[in-house]
Amino acid sequence: MTGNVIDFESFPKIGRLARGIVVTEKIDGSNGQVAISDDLSIVRAGSRTRWIEPGKSTDNYGFAAWVAEHADELRQLGPGRHFGEWWGSGIQRRYGLHEGEKRFSLFNTGRWGGTPREGCIRPACCEVVPVLYAGPMDQSAIDAALDDLATNGSRAAPGFMFPEGVVVFHSATGTLFKRTLVGDEAPKGLQVAA
């Protein structure tokens, strides 16, 4: 509202809750993106909030250096932005990986876990976050996925017994939700370290 003028604002469309969801393991690392230009000539690295470059003060746990090193292979992903989690040795939970071992796991499981789009393939240097459940919205399925992680450990790093939790993608709304095994009831800044 400005003075005597009231701009119209529409009410957002309400999505249906009882639709498909995909539950994946939430990997505790650092969000990353690989951006590839339409003509495949530019391959660029980004964190969750900014572009990054190789270098001690400009990189994010070595992700930009890894993208630069694997640029030719990453072009196989095709044009666009490819989001995932950069994780492993020296990053958050570390997942019991050997010194210097890091991995990039892509988020779009429907695209990379199944049949890829024509002309785009998942390169060998990239993994895909593990899918724990795919089907109708079902709170018991989400709880079962969390229980499985708590009991059997990480699917991304088998044998690692302290996974973070799950991410739930709700297909009808295109919304992501997370549930963690420890401290889920408190905001991230108030959680007690595991």
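Values quoted throughout were computed directly from the atomic coordinates according to the rules given, and no laboratory measurement underlies them. Note that the structure is predicted; figures quoted are calculated from it, not measured. Because the Cβ atoms are built from the backbone with ideal geometry, glycine has one as well, and the counts that use them run over all protein chains shown.
Sorting 181, 77 by the number of Cβ atoms found within 10 Å of their own Cβ, with the fewest placed first, yields 181, 77. Computed from label points 7 Å out along Cα-Cβ, the spacing between residue 160 and residue 143 is 2.8 nm.
Each distinct pair of alpha carbons in the chain adds a 1/r term; the inverse of their mean, the Kirkwood radius, is 18.5 Å. Of the residues 14, 142, 36, the one that moves most in a GNM of the chain with alpha-carbon contacts below 10 Å is 14. Semi-axes of the equivalent ellipsoid for region 24-125, computed as √(5λ) from the eigenvalues of its C-alpha gyration tensor and ordered from largest down, come to 21, 17, 11 Å. Look at the dipole of region 20-190 built from charges on Cβ: of 49, 84, 160, the Cα furthest out on the positive end belongs to 49. When each of 26, 13, 102 is scored by the number of other beta-carbon atoms lying within 10 Å, the sequence from fewest to most is 13, 102, 26. Per residue, the chain reaches -4000 deg cm²/dmol at 222 nm when only DSSP H runs of four or more residues are counted, each adding -39500 (n - 2.57).
Of all the options 140, 30, 171, the one that moves most in a Gaussian network model of the chain with Cα springs shorter than 10 angstrom is 140. Highest mobility in the GNM of the chain, judged by mean-square fluctuation with C-alpha springs under 10 Å and restricted to 162, 11, 107, is found for 11. Each of 169, 63, 177 was scored by other Cβ atoms within 10 Å of its Cβ. Listed from fewest to most, they are 177, 169, 63.
What is the dipole size for the chain, taken about its Cα centre, with +1 at each Lys and Arg Cβ and -1 at each Asp and Glu Cβ, in debye to the nearest 20?
Once rounded to the nearest 20, the dipole reads 180 debye.
In region 20-190, Cα pairs under 8 Å separated by at least six residues give a relative contact order of 27 percent.
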